[in-house]
Amino acid sequence: MSEIAGELARVKGAFAQPTLTLLHQRQAPVVITIFRESFGRNNKPIPTARLHTQVEEHLAEFRKTGETDLPSGTGRDICQRWMRGQWLVRSLDEQGNEVYSLTSYAQQALELVKNLARDRATLSEHRITTILSTVRRFNSEANPDRGARVTLLNDEIARLKAERDRLVDGAELVSATEDYMSEGFTELLSLISALPSDFARVEERFATIRGEILAAFRAEDRPAGEVIDDYLARADALMTATHEGRAFEGAFALLRDDGLVTQLREDLGALLEHPLSEGILGDADRAELRGTVKLVRDGLDRVLAQRSRVTATLKEYIVSHDAARDRELEQTLRQVESALMTWMGTTGPRAAHDVALLPDRASVDHLRERFYDPADDVLPDPITAADPADAPSLSLTELMAQGGPQLGSLRQRLDDVLRDLLPAGSLGELFDTLEPSLRRPVEIFGLLHLAADQGWETEDVVEAFAAVRPDGTRRTFAVPRTPLPDPDLDREESRR
């Protein structure tokens, strides 16, 4: 394969990743916006039903703005398509509830969009300085030549000592420029925004290892002892056998140092209090920097919880699977042996009996789900008499405003309409002519109840009922239109 053909294959492989398939689709701006709005920067898991509702509400808001290129279907259908695209993953939280969370691919796409949305200079003094200092530090820590490494450390010590002596002697303190601070904050935010996707990638790696080991147990192509030994070996090297595990171990070792965490928090606080930071950072960027330590700790907790969940699941499978299966097999063989001995005792040597390959299924119409619990028959605690003086004081008007429909007043208004004293062609038109005290939402049910007593039928179209709550707020309801009978036609029929 030529060099250009190999490069094309690598590029095609990159475009096949879920990160680029998300960004390459027509509806990518809408999907990215919903992900950013729903999950935020911490990728906090969301209950499945709540995310379904949020997706439908966000799409409704997009339609109001005139957006037409939107995902179709209900919130549940859309979330399932996103799961098939490997942008969402559904799992159980600690309480056993189903939740959604973003995959590392989706978080990487959010990070790319966020970086592109930031104003960032292509070349700056800060970036060049950062590159030089990083290369210098990397060389001083990795150089295999002992003498070269000592020389580098001596040069760094001399430079820092000279700068310290210059400041102690009262020399001019060179302040950072606004461009330097802006570029520094941009690079810092870029590094922090990549952390959630890194943690998610480690979580997914743990889930993959869990699936591989469980598949090995279910396949049963190897002895159980060999599978257990292999599991124990992988569990011991779980954090060192993969790139993601080694990276997590390094981060975890650093963040277990309370001194480093305290130093990180103090350095971030000093940067946020810098005089130039007010004009550079917005409220969202400040909140992101201020929550860096919490972001890292939450990511570590999720990874550790996933690792504990994997270990607990595998332990339970190892302990219960083989023991339960052996007991069931032993009981079945004993029952077969007993039945065979009974049958041989009553038949001849050449007797034959058809035996089904699998036993028949038991047909049970219903099984009890609840059994008697003595705690259900315990009498409740006696009710203590309350002091009447502690009861809230309510007027008759306030009580009536919270009560049911005023059927007497509504019936009188219907009679007035039927006697041609009030103009109205339907219940909705009559409702609009009533005073606010008779236009509560509950009065709609009262009118419908009276109309049903009269035998009036509704039409296929709907009409609006503009109701007024007791607190003055308004709410419009769409109700099937119920036409009122014509009083003139009723009089003519009565004459006949």
Once label points are set 7 Å from the Cα along Cα→Cβ at both ARG63 and LEU116, what is their separation, rounded to one decimal in nm? 2.8
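For the peptides 160-170, 85-95, what is the packing order when you average, over each peptide's residues, the other Cβ atoms within 10 Å and list the highest mean first?
Packing order, densest peptide first, comes out as 85-95, 160-170.
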Cα-Cα over 28 Å: which of LYS44/LYS114; LYS114/LYS294; LYS12/LYS294; LYS12/LYS114? LYS12/LYS294
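Taking the highest mean first, how do the peptides 371-379, 476-484 order by number of other beta carbon atoms within 10 angstrom per residue?
On the way: 371-379: 6.7, 476-484: 15.0.
Highest mean packing first, the order is 476-484, 371-379.
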Between beta-carbons, use under 15 Å as the cut-off and find the net charge around ARG26, counting Lys and Arg +1, Asp and Glu -1. -1
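Using a Förster distance of 56 Å, how high is the FRET efficiency between PHE477 and THR208, based on the Cβ-Cβ distance and rounded to 0.05? Working shown, then result.
On the way: r = 52 Å, r/R0 = 0.92.
The calculated FRET efficiency here is 0.60.
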Quote to one decimal, in nm, the extra length available between ARG84 and LEU160 on full extension: 0.36 nm per residue of separation minus the C-alpha distance between them. 21.9 nm
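Need the full-extension length gain, VAL378 to LEU188, defined as separation in residues times 0.36 nm minus the C-alpha distance. One decimal, nm.
Gain on extension, VAL378 to LEU188, equals 62.2 nm.
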Residues ALA270 and GLN95, FRET efficiency given R0 of 41 Å [Cβ-Cβ distance, rounded to 0.05]: 0.55
Theoretical gain in end-to-end length, GLU249 to SER437 [0.36 nm per residue, Cα-Cα removed]: 60.9 nm
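Region 3-117: D in µm²/s via Stokes-Einstein (Kirkwood Rh, Cα pairs, 37 °C, 0.692 mPa s)?
Numbers: Rh = 15.2 Å.
Rounded to a whole number, D works out at 217 µm²/s.
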Would you please name the trypsin sites (Lys or Arg not before Pro) within region 412-472 that are DSSP coil residues with at most 15 other C-beta atoms within 10 Å of their C-beta? ARG419
Report the calculated FRET efficiency for THR21 and GLU459 (r = Cβ-Cβ distance, R0 = 60 Å), to the nearest 0.05. 0.75
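FYI, it's all coordinate maths here, none of it is from the lab. Keep in mind the model is a prediction, meaning the values are calculated, not measured. Here the Cβ is made from the backbone with ideal geometry for all residues, glycine too, and neighbour counts use every protein chain on show.
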